[in-house]
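I have a structure I would like to understand better, so I am pasting it below and will then ask my questions one at a time.
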Amino acid sequence: MDHTEQKRAKRVNPKERIDVINFIGGDVLAQIVNLSESGMMLASRQKFTDDQMFQTLLVVEGHELSVGLECVWSETQESGMTFGGFMIIDISSNDHARLQHYIASHD
């Protein structure tokens with residue numbers, strides 16, 4: 001899937017802070033900037049590299065979702081903040097349904 005296909009997915013900008021937790025180590029990897037069914041943009045002080053993969057946990061509407069992510073692009077700002085686009089590569093059907101509900105209810 002190319003960037004134009006990914007951009008077509010409905011995206012929401014969460015009003016609340018949603019931390020993305022690195023499953024290995026349990027540390028906060030980043031915060032969600034925007035979210036779609038197929039991926040998310042993250043902001044972090046940590047640098048990401050293209051093709052880097054993470055198994056993550058995030059809490060959406062009180063539900064802990066386990067989500068496998070792959071970095072498809074990243075850009076580090078002069079401020080030291082890194083933004084990255086991540087594709088969802090692994091999510092259970094139950095967690096996917098919860099994610100769909102969250103996106104549909106946050107216009």
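Bear in mind these aren't lab numbers, they're just calculated from the coordinates by the rules spelled out. A quick note: this is a predicted structure, and the numbers were derived from the prediction, not measured. Counting neighbours? That spans all protein chains shown, and the Cβs are built from the backbone with ideal geometry, glycine included.
Would you mind computing, in nm to one decimal, how far apart the modelled labels at Asn13 and Asp51 are, each placed 7 Å from Cα along Cα→Cβ?
Simple spin-label model gives 3.3 nm for this pair.
For the chain, take every pair of Cα atoms, bin their distances at 5 Å starting from 0, and report each bin as a whole percent.
Pairs per bin, as whole percents: 2, 13, 24, 28, 21, 10, 2, 0.
So what are the ³J(HN,Hα) numbers for segment 48-57, from phi and the Karplus equation (6.51, -1.76, 1.60; θ = phi - 60°), rounded to whole Hz, Gly and Pro as x?
Taking θ as phi minus 60°, the curve returns 10, 10, 4, 6, 5, 10, 9, 9, 10, 10 Hz for segment 48-57.
Using amide H atoms built in the peptide plane, which far-off residues or other-chain residues are under 5 Å from Gln52 H to H?
Under 5 Å from the amide H of Gln52 lie the amide H atoms of Cys71, each far enough along the sequence or on another chain.
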